[in-house]
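*Asks:* Questions regarding the structure given below will be posed in turn.
The values are calculated or read from the model by the stated rules, or taken from the named source; none is laboratory data. Model, not experiment: these values are computed from the prediction. Don't worry about glycine lacking a Cβ; one is built from the backbone with ideal geometry, like all the others, and counts go over all protein chains shown.
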Amino acid sequence: MNIRDNQALRERLAAEYVLGTLKGGARRRFEGWLQRDAALRRVVDEWQGRLVPMAEFSAPATPPPSVWAGIEQRLRLAPAPEDDAAGVPGWAAWLARLSDSLAFWRGLSLASGAVAAILAVTVALRLPTVPVAVVDQVATLLDDQSQAALVVTADTAKRALAVRVLSDTPVADDKTLQLWAITKAGKPRSLGILPDNRRAALALTSDAIGEDVALLAVSLEPKGGSPDPNGPTGPVLYKGTWVKVM
C-alpha cells in the first residue's frame with residue numbers, strides 16, 4: 001500500500017496510531033513507514049499534540065469492591081474455608097492447586113481474557129451513570145516552543161466552552177490569562193478570562209467557533225482582562241486552531 005500521496009489516509013492512520021486503535025499487522029506496518037517517512041512522523045506528532053492533552057479532562061473512576069467480588073465468583077476464585085483455617089491465603093492455595101495441573105497453563109490465556117471481559121461488563125453494569133460533556137471540538141494551544149500548554153474544548157449542544165492550562169508556568173498575581181478568537185481578517189474577539197489562571201468554564205458563542213475564526217490565542221493581561229476592548233495589550237503566550245472530533 002502506498003500512502004505517501006494519500007493525505008487523508010495518512011491523517012486517519014496517524015490518529016488511530018496515537019489513539020491506540022491501530023492494531024496488529026497494521027500497526028507494525030505503520031511503524032515501518034514511520035521509520036522511513038519524516039513527514040508522516042510530523043503528522044503523528046501533530047495528532048499527539050491534539051489528542052494527548054484531552055486525557056487531562058478524563059476523571060479517574062474506581063470500581064466498587066463488588067466488581068472484584070463478581071470476578072471471583074464467576075472464575076471460582078473464592079478462598080476455600082480450609083485454606084483460611086490453615087493460615088494460608090486463599091488465593092495462594094488456589095494458585096498452588098492449579099499449578100499442579102497442565103490444564104492451568106493451557107487455560108491461563110483464556111482466564112486472562114475472561115477477567116478482562118468480565119471486568120468490562122461488570123463495570124459497565126454496576127458503575128453509576130455519570131453525565132459528561134460531549135466534546136465535539138478541541139483546540140490545543142501551543143507555546144513558542146511548540147509544546148502543548150493549554151486545551152480548549154467546545155460542547156456545542158450545551159453551548160459550553162472549557163479551558164484548562166496544562167503547563168506550570170506561573171502567572172503574577174496582578175496578571176490574568178485572557179482567551180481570544182482571532183478571525184481570518186485578523187480581528188481579535190475576547191472570549192473571557194481565566195479567573196485563577198488555571199481553568200475556566202465560559203459560554204460558547206459563534207464568536208468562538210464561527211466559520212470566520214482562524215485561530216485561538218491566549219494573552220497575558222492586567223488583572224481583570226485587557227483594558228482595550230479591541231484586542232490584547234500584553235504578549236500572546238499560546239495559540240492554536242480548532243479541530244472537530246465528532
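*Asks:* Looking only at residues in region 210-230 that are aliphatic (A, V, I, L, M) and in contact with a Pro (Cβ under 8 Å, 6 or more places away or on another chain), which one is farthest from Pro195 (Cα to Cα)?
*Replies:* Taking region 210-230 as the starting set, the residues that turn out to be aliphatic (A, V, I, L, M) are 213-218, 220.
Remaining after also requiring in contact with a Pro (Cβ under 8 Å, 6 or more places away or on another chain): 217, 220.
Working: Ala217: 16, Leu220: 12 Å.
Here the residue is Ala217.
*Asks:* In addition: Quick check on region 210-245: of everything there that is in contact with a Phe, Trp or Tyr (Cβ under 9 Å, 6 or more places away or on another chain), more than 10 Å from Ile182 (Cα to Cα) and of a type in the set (Val, Ile, Thr), which residue is surrounded by the fewest Cβ atoms within 10 Å (Cβ to Cβ)?
*Replies:* Among those that are in contact with a Phe, Trp or Tyr (Cβ under 9 Å, 6 or more places away or on another chain), more than 10 Å from Ile182 (Cα to Cα) and of a type in the set (Val, Ile, Thr), it is Val236.
*Asks:* Regarding Leu179, is this residue modelled with pLDDT of 90 or more and either hydrophobic (A, V, I, L, M, F, W, C) or not in a loop (DSSP other than H, G, I, E, B) (or both)?
*Replies:* In short, yes.
*Asks:* If you don't mind, there's one more thing I want to ask. For region 50-61, check the following and say yes or no: at least one residue is surrounded by 13 or more Cβ atoms within 10 Å (Cβ to Cβ), modelled with pLDDT under 80, over 30 Å from Asp143 (Cα atoms) and touching a helix residue (DSSP H, G or I) at 6+ places or on another chain (Cβ under 7 Å).
*Replies:* Taking every residue of region 50-61 in turn, none turns out to be surrounded by 13 or more Cβ atoms within 10 Å (Cβ to Cβ), modelled with pLDDT under 80, over 30 Å from Asp143 (Cα atoms) and touching a helix residue (DSSP H, G or I) at 6+ places or on another chain (Cβ under 7 Å).
*Asks:* Something else: Looking only at strands (runs of 3 or more DSSP E) that lie completely in region 184-246, which have at least 3 residues being assigned by TED's automatic domain parsing to the domain that holds Gln147 and of a type in the set (A, V, I, L, M, F, W, C)?
*Replies:* Hits in region 184-246: 188-194, 199-203, 213-222.
Yes/no matrix, rows are residues, columns are (1) closer than 25 Å to Val135 by Cβ; (2) at pLDDT 80 or above; (3) not aliphatic (A, V, I, L, M):
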{"position": "Met1", "(1), (2), (3)": "no, no, no"}
{"position": "Asn6", "(1), (2), (3)": "no, yes, yes"}
{"position": "Arg41", "(1), (2), (3)": "no, yes, yes"}
{"position": "Asp45", "(1), (2), (3)": "yes, yes, yes"}
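*Asks:* State all residues of region 144-175 that are surrounded by 17 or more Cβ atoms within 10 Å (Cβ to Cβ) and within 16 Å of Pro235 (Cα to Cα); if no residue qualifies, say none.
*Replies:* Residues satisfying the conditions are Ala149, Leu150.
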